[in-house]
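Below: the structure, in structure tokens.
The values are calculated or read from the model by the stated rules, or taken from the named source; none is laboratory data. Predicted model only: the values in this text are computed from it and were never measured. Note that we place each Cβ from the backbone using ideal geometry, even for glycine, and neighbour counts take in every protein chain shown. In case anyone asks, the SASA skips ligands and DNA or RNA and just uses the protein heavy atoms, side chains included. Shrake-Rupley method; radii C 1.70, N 1.55, O 1.52, S 1.80 Å.
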Amino acid sequence: MCARAMKNRNGITILGVPALMMMVMMLALACVPAQAQQARLESFLPALDPGRIVPGADRFGPVTTSPAVVAPAYRGSELIGYAFLNSQYVNTDGYSSKPIHIVAGLDTEGTITGIELVAHSEPIVLIGIPERRVIDYMRPFIGYNPIRAAMAGEGMPKTDIVSGATVTVLVMGESVVRASIRVSRALGLGGAAAQASAGAAREVDPAAGTIAGWDELLESGAVGSMPLTIADVNAAFERSGDPAAARRPEPGDPGELFIELWTALVSQPAIGRSLLGDAEYESLARSLEDGQQAILIAGDGLYSFKGSGYVRGGIFDRIELHQGTETIRFRDHQHRRIGDIMADDAPHLQEIGIFMIPAGTEFDPAQPWRLQLLVQRSVGALDKAFVSFGLDYRLPEAYLKPVAAPAAATPASATAPAAPAAGAPEPATQIDGLADLEQTPLWMRIWQSKIASIVMLGLMLAALTLIFFFQDLLVAREKLFDRIRMAYLVLILVWLGWVAGAQLSVVNVLTFTTALREGFRWEAFLIDPLIFMLWCSVAAGLLFWGRGPFCGWLCPFGALQELTNKAAKAFHLKQIKIPWRVHERMWPIKYIMFLGLFGVSLGSLAFAEVLAEIEPFKTAIVLRFMRDWWFVAFALALIGAGLFVERFFCRYLCPLGAALALPGRLRMFDWLKRYRECGNPCMRCFNECPVEAIHPEGHINPNECISCLHCQVLYHHDHKCPVRIQRRVKREKREAVARPASQPPGGSASALPITPAT
């Protein structure tokens with residue numbers, strides 16, 4: 001290796017920093033997936049079987065750019081269909097804010113013939129979900145003709161939503177359908193040209209209407225509403241045919257309001273001014289571009305139509321707008337918070353928001369549309385069931401007028417990628433300076449719903465703080481300290497890890513650094529109270545003690561390793577002592593892994609998250625080993641290694657430990673006490689340190705120390721520490737000399753037997 005080598009003050013050979021950083025950046029560039037550099041149809045075709053995209057095809061022809069970006073599919077010399085890439089026509093961003101690339105096929109009638117997921121960046125959304133399940137979700141779309149379905153007034157195919165990947169699979173399905181429509185219209189497949197040329201008979205009249213009150217707007221239909229009771233929701237889950245969902249009805253009075261949903265087209269001036277007031281409407285009108293529309297959505301009751309998905313991933317995963325085969329899903333930057341409805345006699349509602357519809361969609365506000373609400377219900381530790389309810393809306397005739405021009409708008413040309421559809425980022429001017437008028441932020445409501453867990457974790461953190469501040473009193477009582485430590489680790493593993501699922505990961509570190517570079521939002525980190533509290537405690541711990549409080553006490557996987565090693569020792573499983581020269585050269589592995597992951601995250605955070613599977617935390621803690629066998633085998637292999645070498649993963653492979661060790665060097669205090677004799681001549685702490693963080697010379701390496709406090713137990717032990725043993729022996733000798741010759745150790749003169757006089 002050409003990198004200049006040097007030795008630190010402990011004699012460990014390390015790479016020169018410039019060379020190491022060069023390696024990290026080269027690794028980052030080498031590891032960025034090809035699709036992140038170029039997402040074009042031609043880049044994916046060589047790896048695909050033409051017959052899987054268009055059945056019967058034996059080859060693809062050259063990719064054309066006019067009238068559409070497609071690859072003709074041939075059987076011999078006969079043209080039998082086309083292949084296209086969904087992301088070249090519509091926005092396909094998922095939770096990762098990166099496109100989900102799917103190559104789909106159409107026959108000459110516009111029917112979808114094949115679907116292949118060729119690239120995606122959804123590792124966070126697909127936690128523990130085999131990719132095959134997501135692909136299976138798309139199977140009902142094969143054989144579906146979206147143009148004919150639109151002409152017949154039918155919706156999209158019925159599919160089973162994949163629990164845990166709701167947004168991902170919905171984006172996949174709708175993006176393929178919408179892209180298929182645009183390709184079919186460009187190529188004139190299956191009567192698409194005639195359907196595209198049919199103009200709407202009516203259009204929105206911006207001059208129509210007057211300021212009206214809430215009741216008048218409801219009566220006229222300008223505001224649509226949909227009330228749902230608990231009984232309605234329970235009945236819908238019973239009709240869904242899912243027995244697990246039916247067995248878990250919503251608690252409460254069946255007649256109690258579950259949610260009432262309202263919607264209205266507020267880009268129509270009269271309706272907008274009535275509901276928003278003049279000032280808010282004028283602000284909205286200035287933010288709308290040509291062709292954009294805006295709708296108001298409001299909700300009241302037990303259920304939130306906003307949910308929490310938009311805070312984590314930027315997508316509102318409980319609502320979507322349907323019109324024909326057009327499906328529009330909203331992102332956070334298309335959302336504008338509203339405090340109250342300004343119409344006379346309007347009720348005070350819990351949730352109110354304005355949602356902007358991008359101009360690139362084919363949404364026609366003059367035609368009927370449906371606001372669909374997705375209601376979810378937990379049916380297991382990791383699974384959820386879903387039912388949907390639709391609020392149909394038609395703009396009243398009083399707000400419409402005949403179309404001025406006989407010809408409808410021509411569909412966007414397919415010679416270039418179409419304008420971004422639902423979810424596409426809008427210019428910054430639309431979101432800058434919007435007032436946060438929502439009375440109770442979503443993250444605050446989530447914290448309020450998890451009071452018990454927050455209090456529990458708060459007590460655990462307070463107890464750990466007391467353990468560290470009063471460690472001298474505890475470690476002097478070896479048995480008591482050992483019992484407290486074992487009980488604490490069991491609680492961390494069982495409750496914090498397996499029950500609460502609060503396991504920190506190096507992905508959190510990479511996400512945080514990416515947020516600092518691309519736009520930091522506190523709400524994204526406050527959305528999970530336990531994770532946020534843990535990171536705050538880690539930050540405070542780094543200032544006082546380094547990485548030890550987390551790695552040695554708060555990490556569920558670390559607790560699992562230590563507890564299983566204790567069990568192995570109880571069964572007299574022989575422990576392996578790694579030679580010091582080998583051990584100190586294995587330390588840097590985790591630092592190299594972290595720097596590599598960090599370098600990759602600069603180019604592709606999603607790919608770095610995939611590589612972060614080197615951490616078994618997700619498998620062993622979050623998913624409790626309920627995952628594909630190769631993930632489980634990998635986690636068990638690391639735990640198995642820990643049976644022979646205590647905390648094997650923590651010592652040599654943990655990138656999170658490495659990430660915490662770097663700032664941990666800046667700690668303010670050194671709370672671990674040492675004697676001058678430590679390391680010379682005494683080697684007891686060196687030999688007994690569970691993670692070999694103590695050098696033969698006697699000093700403790702803070703980068704590797706997990707603050708288990710075992711060395712402090714030895715420090716105070718007058719039967720194990722040679723220094724303390726010598727002090728005890730000297731003390732006992734002094735006490736023996738100070739006693740009367742006739743007084744036995746531990747006795748008194750009056751207690752001596754009296755010999756009778758002779």
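Structure notes:
- Residues within the range 616-668 that are closer than 18 Å to A567 by Cα and either among the hydroxyl-bearing types (S, T, Y) or in contact with a Ser or Thr (Cβ under 7 Å, 6 or more places away or on another chain) (or both), tallied: 4
- Candidates L288, L275, filtered to the one that is at pLDDT 90 or above and closer than 24 Å to D364 by Cα: L275
- Residue within the range 519-535 that is buried (at least 21 other Cβ atoms within 10 Å of the Cβ), at pLDDT 90 or above and part of a helix (DSSP H, G or I) present: yes
- Positions within the range 608-635 being under 14 Å from the mean Cα position of the chain (by Cα), among the hydrophobic types (A, V, I, L, M, F, W, C) and within 21 Å of I100 (Cβ to Cβ), in sequence order: A608, V610, A612
- Scanning the range 579-635 for residues that are among the small types (G, A, S), modelled with pLDDT of 85 or more and open to solvent by 40 Å² or more (accessible area, probe 1.4 Å) yields a single hit, A633.
- Screening V600 against (1) touching a residue at least 12 places away in the same chain (Cβ under 8 Å); (2) assigned to a helix (DSSP H, G or I); (3) of a type in the set (A, V, I, L, M); (4) more than 21 Å from T514 (Cβ to Cβ) leaves a single unmet condition, (4).
- Scan the range 665-695 for residues that are open to solvent by 60 Å² or more (accessible area, probe 1.4 Å) and either closer than 19 Å to V538 by Cβ or part of a loop (DSSP other than H, G, I, E, B) (or both) and the total you get is 14.
- Inclusion of K577 among residues that are outside any helix (DSSP H, G or I) and more than 33 Å from the chain's Cα centre (by Cα) is warranted.
- Strands (runs of 3 or more DSSP E) contained in the range 1-82 and holding at least 1 residues modelled with pLDDT under 50 and loosely packed, with under 15 Cβ neighbours inside 10 Å: 5-7, 13-15
- The single condition from (1) open to solvent by 40 Å² or more (accessible area, probe 1.4 Å); (2) at pLDDT 90 or above that A404 fails is (2).
- Subset of the range 174-204 [modelled with pLDDT of 70 or more and in contact with a helix residue (DSSP H, G or I) (Cβ under 6 Å, 6 or more places away or on another chain)]: S175, V176, V177, A179, S180, I181, S184, R185, G190
- G546 vs. criteria open to solvent by less than 60 Å² (accessible area, probe 1.4 Å), in contact (Cβ under 8 Å) with a residue 24 or more places away in the chain and on the phi > 0 side of the Ramachandran plot: yes
- All positions within the range 644-664 that are of a type outside the set (F, W, Y) and surrounded by fewer than 19 Cβ atoms within 10 Å (Cβ to Cβ): L653, L662, P663
- Of all residues in the range 450-484, those being in contact with a His (Cβ under 9 Å, 6 or more places away or on another chain) and part of a helix (DSSP H, G or I) number 3.
- Filter pass, V507 being more than 19 Å from F468 (Cβ to Cβ), free of Cβ contacts under 8 Å to residues at least 40 places away in the same chain and open to solvent by 20 Å² or more (accessible area, probe 1.4 Å): no
- Listed by first and then second residue, the pairs linking a residue in the range 352-369 that is over 27 Å from I259 (Cα atoms) and open to solvent by 10 Å² or more (accessible area, probe 1.4 Å) to a residue that is among the β-branched types (V, I, T) and part of a strand (DSSP E or B), with Cβ atoms under 8 Å apart and 6 or more places separating them unless they lie on different chains, are T361/I328.
- Those strands (runs of 3 or more DSSP E) of the range 293-403 in which at least 2 residues are closer than 18 Å to V266 by Cα, considering only elements entirely within it, cover 293-301, 319-323, 335-337, 351-357, 369-378, 384-393, 400-402.
- Residue selection: D472 satisfies the criterion of being open to solvent by less than 60 Å² (accessible area, probe 1.4 Å), among the acidic types (D, E) and modelled with pLDDT under 90.
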